[in-house]
Amino acid sequence: MRKKWYSMAVVLCLSISLFGCGNQNMVNDLAGKGDSQKTVKSGEAVSKGSDTSAESEEAAEVLEEAASADMVDLTTLNSTMVYSEVYNIMAKPEDYIGKRIKMKGNFSVFEGDKQRYFSCIIQDATACCAQGLEFELKGEHEYPKDYPEENEEITVTGTFDTYDEDGYTYCVIRNAELQS
């Protein structure tokens, strides 16, 4: 009985700390309802109104740019945001087709039955879970000569696309440029 009350008290305290001290401007910004909302035009962020919190302004700008810009730069986001955005890409790939993606992670190779698949693997904040995106380099390249070592940190920039293989839809970064 004592353990049950203790658990309930912990949950109550956490709930109060998470919701009781929230910044309404930040909530509005993230929901796209505040007067400090950002509009992205031609790759530039244009501010509408003023904001008292630099943090909420930055969060709104990053989310707006990631959702609406032609370039999704995952290298500027913290590890939790990167993991979340990659999840969004995998869950709704149709929203990202044709967008330029820039990401940083570890190089990985998978030997399939028909071909090799190259990918950039991103760890989450606690390094317990990984997600990655397959990429195809622009031009002619020979493996392993033109590729980095397995697990080497890389940055990949290219155009997001999908393809069907054996009845499944896969995500890929096409015409990719690789930096190691």
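At pLDDT 95 or above and within 18 Å of THR76 (Cα to Cα), is that true of LYS92? For LYS92, the condition - at pLDDT 95 or above and within 18 Å of THR76 (Cα to Cα) - is not met.
Among the listed residues ASN175, ASN78, identify the single one that is out of contact with any Pro (no Cβ under 7 Å at 6 or more places or on another chain), polar (S, T, N, Q), surrounded by fewer than 18 Cβ atoms within 10 Å (Cβ to Cβ) and at pLDDT 95 or above. Write out each step before concluding.
Details: ASN78 fails: at pLDDT 95 or above.
ASN175 is the lone residue from the list that is out of contact with any Pro (no Cβ under 7 Å at 6 or more places or on another chain), polar (S, T, N, Q), surrounded by fewer than 18 Cβ atoms within 10 Å (Cβ to Cβ) and at pLDDT 95 or above.
So, TYR147, is that one at pLDDT 95 or above, in contact with a helix residue (DSSP H, G or I) (Cβ under 7 Å, 6 or more places away or on another chain) and of a type in the set (Phe, Trp, Tyr) or not?
On the way: at pLDDT 95 or above: yes; in contact with a helix residue (DSSP H, G or I) (Cβ under 7 Å, 6 or more places away or on another chain): no; of a type in the set (Phe, Trp, Tyr): yes.
No.
Filtered by the rule that a residue be closer than 14 Å to ASP161 by Cα and either in a strand (DSSP E or B) or touching an Asp or Glu at 6+ places or on another chain (Cβ under 6 Å) (or both), the stretch 67-96 gives MET71, VAL72.
Comparison of GLU134, GLU85, GLU65 shows that the only residue that is at pLDDT 95 or above and of a type outside the set (Lys, Arg) is GLU134. None of TYR163, TYR143 is assigned by TED's automatic domain parsing to the domain that holds TYR83, of a type in the set (Phe, Trp, Tyr) and within 23 Å of ASN88 (Cα to Cα) except TYR163.
Regarding GLN115, is this residue touching a helix residue (DSSP H, G or I) at 6+ places or on another chain (Cβ under 7 Å) and not basic (Lys, Arg)?
Values: touching a helix residue (DSSP H, G or I) at 6+ places or on another chain (Cβ under 7 Å): no; not basic (Lys, Arg): yes.
Here the answer is no, as GLN115 does not meet what is asked.
Of the strands (runs of 3 or more DSSP E) that lie entirely inside the stretch 104-180, those containing 2 or more residues that are closer than 17 Å to ASP73 by Cα, touching a residue at least 24 places away in the same chain (Cβ under 8 Å) and in contact with a Ser or Thr (Cβ under 7 Å, 6 or more places away or on another chain) span 130-137, 153-165, 168-179.
The values are calculated or read from the model by the stated rules, or taken from the named source; none is laboratory data. Just so it is clear, the structure is predicted and the values come from calculations on it, not from any experiment. Counting neighbours? That spans all protein chains shown, and the Cβs are built from the backbone with ideal geometry, glycine included.
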